[in-house]
Amino acid sequence: MITRDQVQRAKPDPDLFLAAAARLRVEIRASVVVGDSVWDLLAARRASALGVGLLSGGYGQDELERAGAYRVYQDPADLLRHLDEVGVRVAES
């Protein structure tokens, strides 16, 4: 959606996330940023988005939480099972 060459500064600056929110026409404060590095979560915090960490990038839970992760999950499947914890409501079928 947004690549590094489309913004002035890379993470940990929030430019990528702010540009993505603008392109989607959503408020960044209502967005959830999912990342697997401390740089992702620092950028999410600087953008005023809710940061959620995944343990797939080589960083530990403590590191991701110190960088600003609201919650940390093992992998995308674990996050999917816990979407309610980050304020995402799944439509009933």
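Throughout, read-outs are computed from the coordinates displayed, never taken from laboratory work. This one's a predicted model, so the numbers in the text were calculated from it and none came from an experiment. Using ideal geometry, Cβ is built from the backbone for each residue, glycine included, and neighbour counts are taken over all protein chains shown.
Of all residues in the range 10-20 being aliphatic (A, V, I, L, M) and over 12 Å from the mean Cα position of the chain (by Cα), which is surrounded by the fewest Cβ atoms within 10 Å (Cβ to Cβ)? Outline the logic, then answer.
The initial filter retains those residues of the range 10-20 that are aliphatic (A, V, I, L, M), namely 10, 16, 18-20.
Among the residues that remain, those that are also over 12 Å from the mean Cα position of the chain (by Cα) are: 10, 19.
On the way: A10: 12, A19: 18.
Once the filter is applied, the top-ranked residue is A10.
Can you pull out every residue in the range 80-93 that is touching a residue at least 40 places away in the same chain (Cβ under 8 Å) and either more than 20 Å from R29 (Cα to Cα) or in a loop (DSSP other than H, G, I, E, B) (or both)?
Let us first name the residues in the range 80-93 that are touching a residue at least 40 places away in the same chain (Cβ under 8 Å), namely 86-88.
Selection gives G87, V88.
Residues that are aromatic (F, W, Y), touching a Ser or Thr at 6+ places or on another chain (Cβ under 7 Å) and more than 19 Å from V88 (Cβ to Cβ), at least 3 per element: which strands (runs of 3 or more DSSP E) completely within the range 1-77 meet that? Write out each step before concluding.
On the way: elements: 32-35, 50-54, 71-73.
Qualifying strands (runs of 3 or more DSSP E): none found.
Given Y59, Y70, which one is among the hydroxyl-bearing types (S, T, Y), closer than 20 Å to P14 by Cβ, free of Cβ contacts under 8 Å to residues at least 60 places away in the same chain and in contact with a Gly (Cβ under 7 Å, 6 or more places away or on another chain)?
Result of the check over Y59, Y70: Y70.
Kindly establish whether A30 is surrounded by fewer than 12 Cβ atoms within 10 Å (Cβ to Cβ), touching a helix residue (DSSP H, G or I) at 6+ places or on another chain (Cβ under 9 Å), closer than 24 Å to A10 by Cα and among the hydrophobic types (A, V, I, L, M, F, W, C).
On the way: surrounded by fewer than 12 Cβ atoms within 10 Å (Cβ to Cβ): yes; touching a helix residue (DSSP H, G or I) at 6+ places or on another chain (Cβ under 9 Å): yes; closer than 24 Å to A10 by Cα: yes; among the hydrophobic types (A, V, I, L, M, F, W, C): yes.
Spelling it out, A30 is indeed surrounded by fewer than 12 Cβ atoms within 10 Å (Cβ to Cβ), touching a helix residue (DSSP H, G or I) at 6+ places or on another chain (Cβ under 9 Å), closer than 24 Å to A10 by Cα and among the hydrophobic types (A, V, I, L, M, F, W, C).
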